[in-house]
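Okay, so here's the structure we're looking at.
Read the figures in this text as sums done on the coordinates, not as results from a lab. Computed from a predicted structure; not experimentally measured. FYI the Cβ positions are ideal-geometry reconstructions off the backbone, even for glycines, and counts take in every protein chain you see.
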Amino acid sequence: MNRVIVSMVMMSCVALFSCSQKQPPPNPPAPVNLYTVEAQPVSYYDNYPATTEALSQVSLLPQVQGYITGIYFTEGAFVKKGQKLYDIDRSLYQQSYDAAAANLKVQQGTLKQSQEDADRYEYLNSQNAVAKQVYDHAVITLQNSKNQVQSSEEALKTAKTNLSFSTIYAPFDGTIGFSQVKIGNVVTVGQTILNTISTNNPIAVDFLISEKQLADFEKIQNAKEQQGDSLFSIILPNNSIYPYTGKISVIDRAVDPQTGTIKVRLVFPNSKNILKDGMSCIVRVHNQNAAPQMVIPGKSIVEQMGEYFVYLAKDTTGNAPSDPTKAVDTANAGVRPRAIQQKVIVGRTIGANIVILSGINVGDKVIIDGVQAVHDGSPIAVGNKHPGNGNGKDSSNNTPAGNKNN
C-alpha cells in the first residue's frame, strides 16, 4: 500500500514538473533585404576569343637557284608593290638569255634561206624544170626552219623568265618580315623561304561562334544598311579598346561537326598599324536586344545541381502583402512574410547582376541579403539585417541593377 502511495506521489510530481516547462519558442524570422524586380534596358557585350589575320599573305620562294647577291629592303618595313627585294646571282641566267637570243637569230637566218629556196623551187616546179623530190625536200626544209625559229623563240622566253626570276619583287603593298637568308646563301627552287609579306590595312579578325548564333550573324551580314557592323569592337592584349569598329566580311562555308562552331571574319581599318598579324584579342559584339529585361543582383541567385533559384518574399496565405518592408500585423493570424523558393532561367551576366529570362515577374520581391539563412517557407523579417531600400536598387552597392556594362 505504501509503495502505491509513493508511486502516485512521484507521478504527480513529474506531471507537475512537466506542466511547469515552457514550450520552446519558434525560430525567429531571418533578417533579409529585398530587391524589387523591374524591367529595364540593359547594355552588355558578348565576348569571343579572336585572332588577327592578314587579308593577304605570301611566303617568298625562289623560282631559280643560286647565290643571294643583294638584299634591298629594311626588315619589318612597309614595302610597295613591285619594289625590288632580292637578287639571285644573274650571271648564269644572263648567259643563257644571251645564248638563246643568238640562237634565235641563227634560226631566223636559216628560215630566210629556206624560204628563198622554197620559193625558187616552187617556180621551177610549176615549169616542170626541177625534179619533184627536190621541190618536196625544199618545202620540208622550210617547215623545219619555221619550227626551229618557234622553238628558239620559246627558249628565249624561258631564258628571259629565268633571268627575271633572279630578281625578287614585292607582289603587293604590305609589311615585310625578317629575312630568312643572307647575302651569299644558296637558295633552292621552291624550297628556301626568303621572307614573308602580309597586308596590314585593312586587317581581318577571326573568331568562332556557335551554330545556334549563325542566323543572328547572317542577319547582320545581309542587312542593307550595315548598321549592325558598328556593334563590333575588339579588346587588345593590353586590355585597351581598339579605337575603330569593324564589320562582317565573311562567314565560313560550313559548321565544324565536331565542335558545332563556325568561323566569322571581321574587317577593321588599320591605318596606324596597331594590329599585327597573329595577335590575340577579344571580339565584343554589342547586345542588340533593345527590349527591357529583368535584371537582379547576382548574389540573390542560388545554384543547386545545375539549376538556379531565387527566394521571393510572400505571405503564408499566398497573397503578397502590400508592403513587405512594413511590420506584420499580428492580428491577422498566419499572415507573415515568408521566403518562397522559385526556379529561374538565367541569361547574361552583367557585372554583379544577372539577366533573368523566366521564372519571376516584374514587381516580385527578391531576397538579396540573408539568402544563406533562409529556406523554402521560412519566416523572414525585412530590413533587419542592413538598411533596405525596396526601390529596385541593390542595397549592397546602391547601384541600379542592369545598368552596368561588361
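Once the Cβ-Cβ distance of Thr349 and Asn273 is raised to the sixth power relative to R0 = 25 Å, the FRET efficiency obtained is 0.10. Full extension of the chain between Glu53 and Gln108 yields a length gain of 14.5 nm, computed as 0.36 nm times the residue separation minus the alpha carbon distance.
Maximal additional length on extending the Val130-Asn144 stretch stands at 2.9 nm, based on 0.36 nm per residue less the C-alpha distance.
Taking amide H as placed 1.01 Å from N in the peptide plane, Asp369 has its amide H under 5 Å from the amide H of Asn33, each at least 5 places away in sequence or on another chain. For the range 63-101, chymotrypsin sites (Phe, Trp or Tyr not before Pro) are listed when DSSP marks them as loop and at most 13 other Cβ atoms sit within 10 Å of their Cβ; the list is Tyr72.
Model label sites at Tyr72 and Ala223, defined 7 Å from Cα along the beta-carbon direction, differ in position by 4.8 nm. Rounded to the nearest 20, the Cβ-based charge dipole of the range 147-272 about its Cα centre (Lys and Arg +1, Asp and Glu -1) stands at 240 debye.
Taking a straight Cα-Cα cut-off under 19 Å and skipping sequence neighbours fewer than 8 places away in the same chain, the aspartates and glutamates within cross-link reach of Lys212 are Asp46, Asp252, Asp256. Looking at the range 137-218, none of the GluC sites (Glu not before Pro) sits in a DSSP loop with at most 16 other Cβ atoms within 10 Å of its own Cβ. Compared with the direct C-alpha span, the chain from Thr158 to Glu116 gains 12.1 nm at full extension, assuming 0.36 nm per residue. Tell me, what is the FRET efficiency for Ile193 and Asp98 to the nearest 0.05, using R0 = 35 angstrom and their Cβ-Cβ distance as r? Here the calculated transfer efficiency is 0.70.
List the aspartates and glutamates whose alpha-carbon lies under 19 Å from that of Lys84, not counting same-chain residues fewer than 8 positions away? Partners within reach: Glu75, Asp173. For the range 265-275, the Karplus equation 6.51 cos²θ - 1.76 cosθ + 1.60, evaluated at θ = phi - 60°, returns couplings of 10, 9, 10, 10, x, 8, 5, 8, 6, 6, 8 Hz by residue, with Gly and Pro reported as x.
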